[in-house]
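The values are calculated or read from the model by the stated rules, or taken from the named source; none is laboratory data. What you see is a predicted model; the values in this text were computed from it and never measured. Here the Cβ is made from the backbone with ideal geometry for all residues, glycine too, and neighbour counts use every protein chain on show.
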């Protein structure tokens with residue numbers, strides 16, 4: 001790896017922790033960002049010359065902090081601090097800084113940085129955009145591409161979001177256990193939103209695929225900081241298991257491929273292995289939660305070498321417990337897919353019938369209903385449901401997946417007629 | 001003499017590698033391993049899952065305590081290891097240098113092996 005690639009990698013990896021520590025120090029997002037930028041510029045100069053520091057994160061924090069202080073002094077009294085080239089050779093100073101950054105400080109810093117992006121006044125899309133900008137360090141252009149908006153629009157969105165959280169009282173005191181749990185839940189759901197923004201993309205949206213990787217990176221980071229949190233294990237496992245299927249999810253022309261039609265040899269065994277190991281670990285805790293249950297469902301799919309090997313009864317049972325933890329018509333709709341496999345399509349149709357008023361505008365409701373009706377041999381009703389689904393499709397891939405069913409019905413009608 | 005080459009690196013850096021970069025590093029390491037295998041000097045090789053998948057059992061008490069995460073909180077994490085057969089530390093260091101050229105960053109700890117029993121499990125290279 002070239003010097004530059006190594007430095008970029010180290011800076012990218014250090015960013016969340018460094019930004020989080022600088023934010024604690026300055027208590028101001030813009031100042032923290034400026035200080036971090038400054039430290040990065042100095043790293044690009046100093047590291048190729050002096051070699052990599054022993055702890056790049058501690059180096060960036062210390063240099064960023066000193067640079068900002070330096071700037072203040074320069075404007076006030078014109079007295080400079082020692083240059084950072086000297087600083088980076090001061091092994092003792094670096095070690096001491098690294099010491100201070102260990103453990104609890106680091107953890108709550110990073111959690112705070114992520115939590116600030118989850119301000120309840122911000123709509124979900126702004127939360128994600130802000131987190132990608134501030135925590136992950138993605139450029140405005142990259143984020144704009146992922147959201148399919150112009151750079152200017154995204155710039156405005158991020159500026160507005162920053163102004164919004166800047167006005168509020170950022171929570172800088174160390175959180176108590178209850179508060180920490182609340183922050184944790186908000187941050188976990190924000191990470192899941194980032195993942196879904198990437199996951200729901202058409203294959204064409206390559207830029208969005210990167211959001212899945214970024215969400216996994218953030219989930220792993222949080223899990224490293226909070227290694228005993230079963231729901232964090234569950235979330236990380238869920239993201240890994242879902243992302244493992246990315247190469248198998250779309251046809252060459254971008255149509256979505258249903259789980260049971262996917263070429264399972266394209267599933268990423270490494271990601272699946274890690275996901276299964278995490279869910280295995282989480283189960284030992286005997287503290288189930290929605291992310292763990294969803295990961296367990298994904299794990300049952302991942303463990304099936306062929307679609308017909310899938311443990312649908314197990315999936316049905318897991319969805320039943322998810323319905324209790326997190327009641328929602330969408331969960332019931334997903335459960336119905338398992339019910340159709342275990343007890344037949346009529347049982348599934350009976351299960352989703354009461355959902356109609358709430359899910360009438362939901363693409364997947366009509367798609368699933370059409371599939372159950374087709375399975376039950378009620379073709380005319382199935383076609384009606386599919387037509388309805390297509391009119392509600394959000395992406396070309398969704399529409400294409402329904403068209404496959406309609407084509408199949410039409411082809412069967414033709415062959416029956418001839 | 002058998003030596004373990006223990007691979008330490010910053011996990012948050014290596015886990016942020018793109019798949020393309022990861023593949024490239026693994027391919028380069030594969031070249032070195034292939035040569036060592038031909039020379040009859042390569043023993044078992046393992047790449048470990050991230051430390052987030054690790055569990056630690058404290059057995060200094062009864063019942064033992066199960067903890068999440070790796071045993072030691074360190075700046076660089078144990079990410080894998082090689083077992084190699086060399087006449088001397090010099091030879092083992094040469095191998096480590098070759099591996100390091102293929103995969104810069106982090107450290108290798110070269111540690112002579114006192115007792116080695118490869119055991120019957122995992123003899124075929126395979127996904128776990």
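For the condition farther than 29 Å from residue B:23 by Cα, more than 10 Å from chain A (Cβ to nearest Cβ) and in contact (Cβ under 8 Å) with a residue 24 or more places away in the chain, what is the one hit in B:99, B:65, B:79, B:89? Just a single option satisfies the conditions, and that option is B:89.
Residues of the stretch B:75-115 being more than 15 Å from the chain's Cα centre (by Cα) and surrounded by fewer than 12 Cβ atoms within 10 Å (Cβ to Cβ), which ones? Selection gives B:87, B:88, B:90, B:101, B:114, B:115. Remark: residue B:48 matches the filter, which requires a residue to be free of Cβ contacts under 8 Å to residues at least 60 places away in the same chain, in contact with a strand residue (DSSP E or B) (Cβ under 6 Å, 6 or more places away or on another chain) and either more than 14 Å from chain A (Cβ to nearest Cβ) or within 21 Å of residue B:14 (Cα to Cα) (or both). The helices (runs of 4 or more DSSP H) found wholly in the stretch A:101-158 include none carrying at least 3 residues that are within 21 Å of residue A:175 (Cα to Cα), at pLDDT 85 or above and in the same structural domain as residue A:59 (by TED's automatic domain parsing). Screening residue A:227 with (1) buried (at least 17 other Cβ atoms within 10 Å of the Cβ); (2) in a helix (DSSP H, G or I) gives one miss only, at (2).
A single member of A:16, A:56 is within 14 Å of another protein chain (Cβ to nearest Cβ), surrounded by 19 or more Cβ atoms within 10 Å (Cβ to Cβ) and at pLDDT below 90, and it is A:56.
The set of residues from the stretch A:296-310 being surrounded by 14 or more Cβ atoms within 10 Å (Cβ to Cβ) and in a loop (DSSP other than H, G, I, E, B) comprises A:304, A:310.
Restricting the stretch A:354-383 to residues that are under 32 Å from the mean Cα position of the chain (by Cα), closer than 23 Å to residue A:399 by Cα and free of Cβ contacts under 8 Å to residues at least 24 places away in the same chain, which is surrounded by the most Cβ atoms within 10 Å (Cβ to Cβ)?
A:369
State whether the residues of the stretch A:389-404 include one that is assigned to a helix (DSSP H, G or I) and without any contact (Cβ under 8 Å) to a residue 12 or more places away in the chain. Yes.
Of the residues making up the stretch A:250-268, just one is free of Cβ contacts under 8 Å to residues at least 24 places away in the same chain, surrounded by 13 or more Cβ atoms within 10 Å (Cβ to Cβ) and within 14 Å of another protein chain (Cβ to nearest Cβ), namely A:266. Of the residues making up the stretch B:13-36, those that are under 16 Å from residue A:9 (Cβ atoms) and either touching a strand residue (DSSP E or B) at 6+ places or on another chain (Cβ under 6 Å) or at the interface with another protein chain (Cβ under 9 Å from one of its Cβ atoms) (or both) are B:13, B:14, B:15, B:16, B:17, B:18, B:19, B:21, B:25.
Inspect all residues belonging to the stretch B:52-65 and state whether any of them is touching a strand residue (DSSP E or B) at 6+ places or on another chain (Cβ under 9 Å), over 27 Å from residue A:9 (Cβ atoms) and not in a strand (DSSP E or B). Yes, because at least one residue in the stretch B:52-65 is touching a strand residue (DSSP E or B) at 6+ places or on another chain (Cβ under 9 Å), over 27 Å from residue A:9 (Cβ atoms) and not in a strand (DSSP E or B). Of the listed requirements (1) exposed (fewer than 12 other Cβ atoms within 10 Å of the Cβ); (2) at negative phi, residue B:119 misses just one: (2).
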